[in-house]
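Report on one structure; see the data block that follows.
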């Protein structure tokens with residue numbers, strides 16, 4: 001995944017770079033919790049049916065994934081590799 005991020009960073013695709021930055025930041029946040037506490041702290045609970053409990057890092061991973069899917073489907077990029 002990091003290689004793909006560097007590939008798109010080289011060609012200056014802003015939306016894809018933001019998507020990868022969101023996912024990388026969220027993953028690092030969860031990894032830091034996992035190393036420091038040996039578990040990930042989930043503290044956001046929406047009391048709507050059986051909604052999951054999550055944290056800010058999970059939101060960034062989710063938003064980055066959505067943004068990446070959107071850009072891959074709807075944006076046209078010419079890499080010329």
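Each reported figure results from applying straightforward, stated rules to the coordinates on display, with no laboratory input. Predicted, not measured: the structure shown is a model, and the values here were computed from it. Ideal geometry is used to build each Cβ from the backbone, glycine not excepted, and the neighbour counts take in all protein chains shown.
For residue 56 and residue 14, what is the calculated FRET efficiency with R₀ set at 35 Å and r taken between the beta-carbons, to the nearest 0.05?
Rounded to the nearest 0.05, the efficiency is 0.95.
For residue 75 and residue 28, what does the FRET efficiency come to when R0 = 30 Å and r is the distance between their Cβ atoms, rounded to the nearest 0.05?
0.70
Students often check this: by mean Cβ neighbours within 10 Å, which of 14-22, 35-43 ranks highest, and how do the rest follow?
14-22, 35-43
How much length is gained on full extension from residue 45 to residue 65, taking 0.36 nm per residue of separation minus their Cα-Cα distance?
Working it through step by step, the gained length comes to 5.1 nm.
If one computes P(r) from the Cα atoms of the stretch 14-74, what percent of pairs lie at distances over 12 Å?
Cα-Cα pairs of the stretch 14-74 separated by over 12 Å account for 68 percent.
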